[in-house]
Structure formats: C-alpha cells, structure tokens
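Data first, discussion second: the structure below is written as structure tokens.
Any read-out appearing in this document is the output of simple, stated calculations on the displayed coordinates, not a laboratory observation. Treat the numbers as computed from the prediction; the structure is a model and nothing was measured. Positions of Cβ are generated from backbone atoms using ideal geometry, with glycine treated the same way; all protein chains shown enter the neighbour counts.
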Amino acid sequence: MKKDNQKKLATEWILKGQNDLETAGILLREKGPTDTLCFHCQQAVEKFLKAYAVFSGTRFEKIHDLWKLAKLAGKTNRKIIEFEKELKSLNAYYIESRYPSDAAAYSRKECKEALRDANEITQYILKAIEK
C-alpha cells in the first residue's frame, strides 16, 4: 500500500476510534450502560492499534484481540507492548460486554479505569503516528 493510502486509512481508523472514545465519555457522564461504555473503550483501542498497524505497513488478519494487535505493532514500536496489563484488561470487554454473562455490569470505578486506560493508550498511539 502506498504511504499516502496508508496515512488516509490510518486516519479513518483513528476517526472511528475517536468516536468510540467520545461515546464512552458520554456514557460515563450520563451514567449510561456500563457494558456498552466498556465495549466502546475496547473498540477505541482496537481501532487505534489497527491505525498504527496500517500506518506502519504491518499486515494484520481480521482480529479483535488487543494483545495480538499490540504484539504486531510492537514489531515497529516496542513501547506499545508496555501497555500489556491495560490491553489485556480492556480485551475482556469485547466478549463480556456483547453477550449475556454475570460480568456484564461493571462498576463506575471499572468504567473510569477502562476509559482512562483507553485514553492513555490511544493518545500514545496518536503521538507515535504523528511523529
């Protein structure tokens, strides 16, 4: 893929991820559904990781696993894998928040942590792309 096309597609992934972050923020402020809030945090990070992969020319299969995506991104940026704990925590919200389970209702504290982690990771990725 040409560098211009990579940048364009990465930007599209980022815009979608920013929408997820904004939605999560609204849900937190408005005391919305906690499962949906945490799902949007996971989705934001997934989209930013895919943006980084596209930008850096790293191919990836159709996956949603944040840790696998981070390990791919880590081939060109080792700092990304330093977010292992946060990525693995956010990963749980992809499945748990989409299907009925006992863990689908999260506390406000968990929601704040998920949003904080998502913001920290996505801001790091955004800065790495802008360099």
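What are the residues in segment 9-27 that are among the hydrophobic types (A, V, I, L, M, F, W, C) and either surrounded by fewer than 18 Cβ atoms within 10 Å (Cβ to Cβ) or on the phi > 0 side of the Ramachandran plot (or both), if any?
Within segment 9-27, the subset among the hydrophobic types (A, V, I, L, M, F, W, C) is 9-10, 13-15, 21, 24, 26-27.
Answer for segment 9-27, where residues must be among the hydrophobic types (A, V, I, L, M, F, W, C) and either surrounded by fewer than 18 Cβ atoms within 10 Å (Cβ to Cβ) or on the phi > 0 side of the Ramachandran plot (or both): L9, L15, I26.
Quick one: is Q6 within 12 Å of the chain's Cα centre (by Cα) and assigned to a helix (DSSP H, G or I)? So Q6 fails the test. Hey, could you check segment 9-51 for residues that are within 12 Å of the chain's Cα centre (by Cα) and of a type in the set (D, E) and say which is nearest to I81 (Cα to Cα)? Step by step, filter segment 9-51, then rank; the result is E46.
Table: residues versus (1) charged (D, E, K, R); (2) within 17 Å of I121 (Cα to Cα).
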{"residue": "K2", "(1), (2)": "yes, no"}
{"residue": "Q6", "(1), (2)": "no, no"}
{"residue": "E12", "(1), (2)": "yes, no"}
{"residue": "T34", "(1), (2)": "no, no"}
{"residue": "Q43", "(1), (2)": "no, yes"}
{"residue": "Y52", "(1), (2)": "no, yes"}
{"residue": "K62", "(1), (2)": "yes, no"}
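Say we look at segment 47-80 and pick out the residues that are part of a helix (DSSP H, G or I) and without any contact (Cβ under 8 Å) to a residue 12 or more places away in the chain; which of these is surrounded by the fewest Cβ atoms within 10 Å (Cβ to Cβ)? Working first, answer last.
First pass over segment 47-80, keeping only residues part of a helix (DSSP H, G or I): 47-56, 66-73, 78-80.
Subset that is without any contact (Cβ under 8 Å) to a residue 12 or more places away in the chain: 68, 71, 78.
Working: K68: 15, K71: 14, R78: 9.
Among residues in segment 47-80 that are part of a helix (DSSP H, G or I) and without any contact (Cβ under 8 Å) to a residue 12 or more places away in the chain, the one surrounded by the fewest Cβ atoms within 10 Å (Cβ to Cβ) is R78.
Might you let me know whether segment 111-118 holds any residue that is in contact with a Ser or Thr (Cβ under 7 Å, 6 or more places away or on another chain), without any contact (Cβ under 8 Å) to a residue 24 or more places away in the chain and of a type outside the set (K, R)? Within segment 111-118, none of the residues are in contact with a Ser or Thr (Cβ under 7 Å, 6 or more places away or on another chain), without any contact (Cβ under 8 Å) to a residue 24 or more places away in the chain and of a type outside the set (K, R).
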